[in-house]
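Data first, discussion second: the structure below is written as structure tokens.
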Amino acid sequence: MKRILEEDGDYDERAAAFGVAVRAWRGDIAQLLLIRGADAGQCAPDELVSLREAVDWGSPALVEALLDNSIRDRYAESELLEMRDLVRSWHEAGGEAELRRRTGSGDDVVRTRVQDDEHYTVGELTLGGMTVRDGHGAILTYLEELLGIRTSCEELMARALEHDQDHTTWGRAAILLSHRRDQATWTAAAALRAHTDPAHRLFAAELMRLIKLFADSHEDEFAVLAVDALTDWSAEETDIAVLTGVLHGLDSYSGPRAEATLLAHIGHPDAGVRQAVANGLGTRLESGALSDEAREALLSLMTDVDTDVRVAACRQAGESRNGDPVLTDAMAALLHHPERRVQLVAVYGLALHDDERCVEASRRLGPPRPGFRDEEMGYLDAAWRYEWRRDGI
């Protein structure tokens, strides 16, 4: 689908394809089409499944596609409130219990995990010839937000923690809470840090990361609280997944205290932790320069046995933009790495340092691969922009 959209500029066909995707219950494809310019408003209501059907089906991606800005006014507030009540009944009963009530079947439920949108997954349950997805908690959160209903942070956290971090319900609750920026939400998040269940601590780490990420500035009250909490927390966390989440929370901050926290974990045996370290290292806020310690760490991580760690370190080294010949030589050494994505990030890094070696390397790589245009264009575009600067275009 991505390849077709890269090649096809017919927006009428994209609108028609949106209708086909919705009728096929493919919210993920419907959303991809919307992102690529499909006008849902070209589809008549009878060309789409009803909002009630989508809510029953339990796919957050499909419900959000049907409530796209271009067609949201088709639904009166009274209908949205009715759908809120319907999805709340699904959520409170539980998918399996509601399936049994509707089908009357006593058979075992068949459970699978499926991708629901570009970023998140949900469970899919089949019983008595009926199949639904278990994204009702995420749909409930979405509809409440749309209707301006403020749900307590405790309830949103409880919904999220019914699932794991890859589930849409988890992600939607965390994003919504992170935008509230109030003391009550911060207090609830901070309290989870001491929870005995790693899942609760992981949610707290993710919430703190998003609070910092969505801050208007590094001086934002809750961003400062988040960085302080995450740096203290990293020294005591023993669960690898939670520690990784804590360190990811320091991405893009790079103050001296956060940097020292990251550097303390550079030799961690888990590749995910080392990748989080690499992602977080960068120019210090007060100086705009890469510290000597961060520079040495990035040089080391660019030779890591794990490819994801190498990519992260090379990207951060590139974005330091300081023209350091030791860093540029280390990036140039990755131009001959067997994996294309490593070569791409090396081209990107060299281009940001105005290093001529990015030009020939980008030509060897050629144009972005079909289906990967967005991902690869950002790296290759940096090399083309360097050529324009060099040639005074």
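Bear in mind that the values in this text are calculations on the coordinates, not laboratory data. Please read all numbers here as calculations on a predicted model, not as lab measurements. Note that we place each Cβ from the backbone using ideal geometry, even for glycine, and neighbour counts take in every protein chain shown.
What Kirkwood Rh does the chain have if only Cα atoms enter the pairwise 1/r average? Answer in Å.
After inverting the mean inverse Cα-Cα distance, the result is 23.4 Å.
Of the options LEU352, ALA30, ALA294, report the single residue whose Cα projects farthest towards the positive end of the charge dipole of the chain (beta-carbon charges: Lys, Arg +1; Asp, Glu -1).
LEU352
Sorted by mean Cβ packing within 10 Å, highest first, what order do the peptides 37-44, 193-200, 25-32 take?
25-32, 37-44, 193-200
If I model a spin label as a point 7 Å beyond the Cα along the Cα-Cβ vector, how far apart are those points for SER300 and GLU162 in nm?
In this crude spin-label approximation the distance works out to 4.5 nm.
Give the residues of the range 229-264 whose amide nitrogen is closer than 13 Å to a point set 7 Å from the Cα of HIS195 in the direction of its Cβ.
Zone members listed by number: 242.
Thinking of the range 100-253 as a set of Cα atoms, what percent of all their pairs are more than 23 Å apart?
Cα-Cα pairs in the range 100-253 separated by more than 23 Å: 43 percent.
Going by average Cβ density within 10 Å per residue, which order do the peptides 342-351, 326-335 take, highest to lowest?
Result, highest mean first: 342-351, 326-335.
Let's see if you can work this out: charge +1 on each Lys and Arg Cβ, -1 on each Asp and Glu Cβ, no other charges. What is the dipole magnitude of the chain about its Cα centre, in debye to the nearest 20?
400
Shape of the range 258-357 from its Cα gyration tensor (a ≥ b ≥ c, root eigenvalues): rounded if a/c is under 1.5, otherwise prolate when a/b > b/c, or oblate?
In terms of gyration-tensor shape, oblate.
Once the Cα gyration tensor of the range 302-366 is found, what semi-axes does its equivalent ellipsoid get, as square roots of 5 times the eigenvalues, in whole Å, sorted largest first?
Values for the range 302-366, descending: 16, 15, 9 Å.
If one computes the Cα centroid of the range 228-251 and of the range 320-393, what distance in Å separates the two points?
Taking the Cα centre of the range 320-393 as reference, the centre of the range 228-251 is 32 Å away.
Want the number for ARG257 to PHE214: 0.36 nm per residue separation, take away the alpha-carbon distance, what's left?
Between ARG257 and PHE214, full extension yields 13.5 nm more.
Considering only DSSP beta bridges where both residues belong to the chain, give the percentage that are antiparallel (nearest 5).
90
Over the C-alpha atoms of the range 1-106, what are the Rg and the largest Cα-to-Cα span, Dmax, in Å?
Gyration radius and largest Cα-Cα distance of the range 1-106: 15.5, 50 Å.
Test of understanding: ordering PHE214, PHE222, PHE203 by Cβ neighbours within 10 Å, fewest first, what list do you get?
PHE214, PHE222, PHE203
Using the Cα centre of the range 267-346 as the reference point, and only Cβ charges (+1 on K/R, -1 on D/E), how large is the resulting charge dipole? Debye, rounded to the nearest 20.
260
When the gyration tensor of the range 113-192 is built from Cα positions, what are the square roots of 5 times its three eigenvalues, in whole Å, from largest to smallest?
Equivalent ellipsoid semi-axes, largest first: 26, 13, 11 Å.
Give me a comma-separated list of calculated 3J(HN,Hα) values for the range 268-277, in order, Karplus coefficients 6.51, -1.76, 1.60 applied at θ = phi - 60°, integers in Hz, x for any Gly or Pro.
Result, rounded to whole Hz: 4, x, 8, 5, x, 5, 5, 5, 4, 4.
What full-extension length gain, to one decimal in nm, is calculated for ARG113 and GLU47 as 0.36 nm per residue of separation minus the Cα-Cα distance?
Full extension of this stretch gives 20.9 nm more.
Taking the Cβ of GLU356 as the centre, find all other residues whose Cβ is under 10 Å away and add up their charges (Lys, Arg: +1; Asp, Glu: -1).
Charge balance near GLU356 sits at -2.
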